[in-house]
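Novice: Mind looking over this structure? Questions follow.
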Amino acid sequence: MFLKRLFSLILFFFALVINAQIEEEQLDILIEETLTTFNVPGISVGILKNGEIIYSKGHGVRSLTNKKDMNDETLVGVASNSKGFTCFALAMMVDEGKLNWDDKVRQHIPEFQLHDAWVTEEFTIRDLVTHRSGLGLGAGDLMFFPEGGDFTIDDVIANVKYLEPESSFRSEFQYNNNMFIIAGEVLKRVSGLSWEEFIETKILKPVGMVSSKASYNRVTDKSNIIDAHTMADGELVQIPHDWSALANPAGGIMSNVTDMLTWAAFLMNDAVTKEGERLLSEKQFHELWQLQTPLQVSSSDSYNSNFKGYGLGWFVADVKGGHKQVYHTGGLLGTVTQFTMIPDLDLGIVVLTNQMNGSAFSTITNTIKDAYLGYENRNWLKRYGKRNADYIIYNDSIKTAVYNQVKAAKKLKSLPKPEQIVGTYTDNWFGDVIISHDSKKGYTIKSKRSSRLFGELLPFNATTFVAKWNDRSYDADVYVQFTFNEKGEAVFATMNYIAPITDFSFDFGDLKLKKTE
């Protein structure tokens with residue numbers, strides 16, 4: 001069976017090179033192999049070429065629980081692919097004369113304030129959506145991630161001033177969701193509609209995305225929707241949908257392959273609907289795909305790119321021979337997605353999954369893309385399969401070493417006593433983190449404002465503990481390092497993730513916890 005499938009894959013890649021098109025049967029085989037290689041329950045894939053849908057199909061199951069088939073109508077959280085919609089909406093407001101990309105944010109949100117006073121005054125709408133704020137990767141994401149916290153948009157606006165920058169303003173690309181959340185609030189204030197209402201009535205409906213909703217909570221018919229899945233302690237498990245409505249402007253949209261192909265067709269038709277309605281001026285549509293924040297191109301770039309960067313809600317790059325590629329990915333806990341367009345080839349590729357392994361969508365997208373760009377067989381399945389396996393082994397080795405040390409630490413005589421570390425620790429933007437101790441159960445740690453973040457606190461050495469979160473699907477255990485005063489009492493604590501596989505939105509590294517009780 002394996003040899004038969006391998007032979008079929010070889011024929012598939014040969015067909016891609018000769019015909020520069022996708023053979024449905026062979027693409028089916030590749031996707032099925034991708035499901036197995038990366039342990040993904042379900043994937044749906046769509047291809048748009050020359051304005052026609054040439055592939056639109058689901059593979060696997062939408063849920064490990066109900067075992068129902070994944071199909072091209074199955075709803076998936078497209079996550080950060082929502083950012084392109086947010087910027088499209090803002091561009092519509094520019095067309096209406098209600099704002100300008102270079103308006104200062106404080107013109108529309110007077111209470112907006114960042115750590116640096118000069119940056120606060122200079123910060124523009126354009127800066128909100130181009131990841132050049134100077135803040136670090138994922139800074140402040142714990143205000144909405146994981147779901148279950150009590151933070152509001154007012155909290156986000158009030159708290160970003162406590163986030164210290166990692167680089168100077170506009171000097172580096174550092175991905176940040178909270179700036180998009182604030183951009184959503186700008187949209188609300190200038191349009192008079194909530195972000196969700198605007199996206200659904202002004203974009204989704206006229207474009208023809210009939211099944212899509214601006215938020216998981218707005219999906220009334222959940223008969224054909226995925227469940228999220230991830231690896232937890234080496235086992236594939238189903239987990240609840242996890243995305244706070246607070247962060248919808250950064251990643252809230254629910255859609256499917258059919259609707260996302262409709263979105264691709266609309267965009268590659270110069271923002272004109274099937275009915276001939278132009279939703280955005282040519283000038284503003286052109287602006288969305290212009291490079292705003294440059295990214296370094298690797299000398300070993302797989303697509304011979306000369307430039308790469310971020311536009312307004314989109315990544316932009318050139319690929320083989322100077323073809324402009326406009327694309328984005330998205331990730332929630334248990335879900336990752338990829339959306340790719342090469343407009344001069346009139347090519348759109350959509351890959352939606354229900355497991356948080358980006359190697360799966362990269363395998364499929366790159367294979368399809370290679371066919372139309374004329375690359376010979378580069379066997380992305382094998383390449384990413386090995387890379388993924390090696391990465392898991394690497395992360396597991398780190399975690400194993402840490403928990404071996406935790407076991408050994410039980411014998412240490414230099415460990416702090418409970419009275420030295422038990423208490424409430426407060427961070428300016430995240431609030432209280434409470435450390436407790438029970439003589440039988442040991443130490444526990446929990447966040448007061450993010451109710452799902454709680455777990456064991458395990459001794460590691462004389463100054464450091466390990467927070468082992470009860471929800472093992474997070475894969476986000478962290479070191480908790482204490483600073484003691486001259487009396488041996490803990491006065492500060494910091495956190496850093498144990499393994500690099502931890503999602504960057506678990507932004508523990510930006511916490512500065514001061515013991516307050």
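All of the numbers you see were taken from the coordinates with simple rules; none came from a lab. The model shown is predicted, which means the values in this text are computed figures rather than measured ones. Heads up, the Cβs are rebuilt from the backbone with ideal geometry, glycines too, and the neighbour counts pull from every protein chain shown.
Novice: Among residues other than Val491 whose Cβ falls under 9 Å from its Cβ, what is the net charge (Lys/Arg +1, Asp/Glu -1)?
Specialist: My count for the surroundings of Val491 gives +1.
Novice: Tilt of helix 2-19 relative to the longest C-alpha principal axis of the chain, in degrees (0 to 90, nearest 10)?
Specialist: Between helix and principal axis, roughly 50 degrees.
Novice: Note the angle between two axes, namely the Cα long axis of helix 257-268 and the longest principal axis of the Cα atoms of the chain, as a number of degrees from 0 to 90, rounded to the nearest 10.
Specialist: Here the helix axis deviates by roughly 70 degrees.
Novice: Please list 401-409, 124-132 highest first by mean number of surrounding beta-carbon atoms within 10 Å per residue.
Specialist: 124-132, 401-409
Novice: Sticking with this structure for a sec: Please get the size of the charge dipole for region 413-515, origin at its Cα centre, with Cβ charges of +1 on Lys and Arg and -1 on Asp and Glu, quoted in debye to the nearest 20.
Specialist: 340
Novice: Amide H of Ile239: which non-local residues (sequence gap of 5 or more, or other chain) have their own amide H closer than 5 Å, using H built in the peptide plane?
Specialist: Correct list: Ala228, His229, Thr230.
Novice: Report the far tail of the P(r) of the chain, meaning the percent of Cα-Cα pairs longer than 43 Å.
Specialist: Value for the chain (Cα pairs over 43 Å): 19 percent.
Novice: Please compute the net charge surrounding Thr424, taking Lys and Arg as +1 and Asp and Glu as -1 over other residues with Cβ under 9 Å from its Cβ.
Specialist: Overall, the nearby charge balance is 0.
Novice: Continuing with this model, one more query. What are the residues whose amide H is under 5 Å from the amide H of Tyr310, where those residues sit 5 or more places off or on another chain and H is modelled from the backbone?
Specialist: When sequence neighbours closer than 5 places are left aside, the close amide H contacts are Gln292, Thr293, Leu295, Val316.
Novice: Moving to a separate point now. Which lysines does Lys104 reach when only Cα atoms under 23 Å apart count, and residues fewer than 8 places away in its own chain are ignored?
Specialist: Counting by Cα, and skipping residues close in sequence, Lys104 has these lysines nearby: Lys83, Lys161, Lys188, Lys283.
Novice: Compute the helix-to-body angle for 83-95: its Cα long axis versus the longest principal axis of the chain, expressed 0 to 90° and rounded to tens.
Specialist: Between the helix axis and the principal axis of the chain, the angle is about 70 degrees.
Novice: Right, next: Using only DSSP helix segments of four residues or longer, with each worth -39500 (n - 2.57), what per-residue ellipticity at 222 nm results for the chain after dividing by its residue count and rounding to 500?
Specialist: The helix-only estimate for the chain comes to -9000 deg cm²/dmol at 222 nm.
Novice: Need one word for region 122-273: rounded, prolate or oblate. Basis is the Cα gyration tensor (sqrt eigenvalues a ≥ b ≥ c); a/c below 1.5 gives rounded, then a/b vs b/c decides.
Specialist: oblate
Novice: A further question on this structure: Between their Cα atoms, which of Lys98/Lys308; Lys413/Lys448; Lys308/Lys369 are more than 27 Å away from each other?
Specialist: With Cα atoms farther than 27 Å apart: Lys98/Lys308; Lys413/Lys448.
Novice: Rounded, prolate or oblate: pick one for region 216-286, where a ≥ b ≥ c are the square roots of the eigenvalues of its C-alpha gyration tensor, a/c under 1.5 means rounded, and failing that, prolate if a/b is larger than b/c, else oblate.
Specialist: Note, shape of region 216-286 comes out prolate.
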